[in-house]
Amino acid sequence: MVVWTSAWLHGAAASDDVLDAVQAWAEVNQIRAVDDATATRLELPGPHETPAGLALLLAAVRRAGGDTGNLVLPVSGDARGLDGSTEFARNAMRRGEAAVFAEAGLALVPETVAEGILDWTVHEVGELPPREHIPVGEAEHDMSSAMREAASTLTELDVSRSRPGVREEIAETISARPQPSWPGGVPQRCLRVLQRATEVESILWVATEDAPGGAMSASADRARGDALRPLFDSVRTARCAAVDEMVRALTQSTDKQR
């Protein structure tokens with residue numbers, strides 16, 4: 001959503017391309033405002049009205065002065081990209097993701113409401129804290145380092161083990177994730193980082209489901225969780241960095257052509 005909408009705002013993608021691309025996440029994507037005041041200002045359906053299609057969202061973001069977006073992946077203990085204790089922050093933290101269009105003062109929080117149906121709730125946001133710029137190469141390196149450190153720590157703790165069929169489980173987890181298309185011109189390195197992040201996250205989820213993973217005590221299980229946590233964080237950072245770079249590359253390229 002962040003990449004495609006940013007591309008559309010800068011003329012690097014047609015609206016039909018955006019609407020087609022988001023179907024990778026759900027066959028039906030629908031939108032409504034978080035409250036009646038936001039609905040009135042943005043000319044969108046309110047929280048108790050029939051939701052609209054995403055075409056209305058694109059128009060609303062443009063009217064509100066949207067320029068570029070960024071991906072936010074908050075978790076407990078890491079609220080970067082959120083705006084304090086607002087309803088948006090609470091919803092984004094609950095869902096673990098949001099698309100933010102700071103220039104427009106808008107943020108979108110997705111939620112699956114039924115099989116094949118994804119609701120996007122539009123929030124108005126105030127001034128957000130500055131985002132730390134992390135180069136995609138640095139994020140990729142940090143993710144690789146975190147993988148090595150986690151593997152080493154788990155081996156030292158003697159709480160890492162394999163089980164039959166684990167490779168198939170990881171492959172199934174990867175294949176179950178959406179396989180979105182991307183606008184032409186996105187850096188190939190960003191696509192590789194996103195793919196690697198998906199692979200690492202799939203390994204992590206399989207490892208989490210396998211808890212205690214060979215840990216024979218509560219303290220060993222906590223140590224196992226502590227070893228994996230930085231790797232989860234590095235995956236989120238890598239995803240955000242890759243999306244940021246894709247948006248930067250697309251918007252700068254089209255701006256230079258004008």
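The values are calculated or read from the model by the stated rules, or taken from the named source; none is laboratory data. No experiment lies behind these values; they were computed from the predicted model shown. Neighbour counts are summed over all protein chains in view; Cβ atoms, including those assigned to glycine, are modelled from backbone coordinates with ideal geometry. Just so you know, the surface numbers come from the protein's heavy atoms only, side chains and all, with ligands and any DNA or RNA stripped out. Shrake-Rupley method; radii C 1.70, N 1.55, O 1.52, S 1.80 Å.
The table that follows gives values for the structure above.
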quantity	calculated
Separation of the ALA151 and GLU103 label points, Cα + 7 Å toward Cβ, nm	4.2
Two-site label geometry, VAL28 and ALA176: point separation in nm, points 7 Å out along Cα→Cβ	2.3
Kyte-Doolittle mean at least 1.6, axial Cα span of 20 Å or more - DSSP H helices of the chain	none
By average C-beta atoms within 10 angstrom, highest first, the peptides 49-60, 64-75	64-75, 49-60
Carbon and sulfur %, accessible surface of the chain computed with the full protein complex present, 1.4 Å	50
Positive-end extreme of charge dipole, the stretch 1-131 - chosen from HIS10, LEU56, ALA79 (charges on Cβ)	ALA79
Estimated FRET transfer efficiency (ARG95, ARG63; beta-carbon r; R0 22 Å; 0.05)	0.30
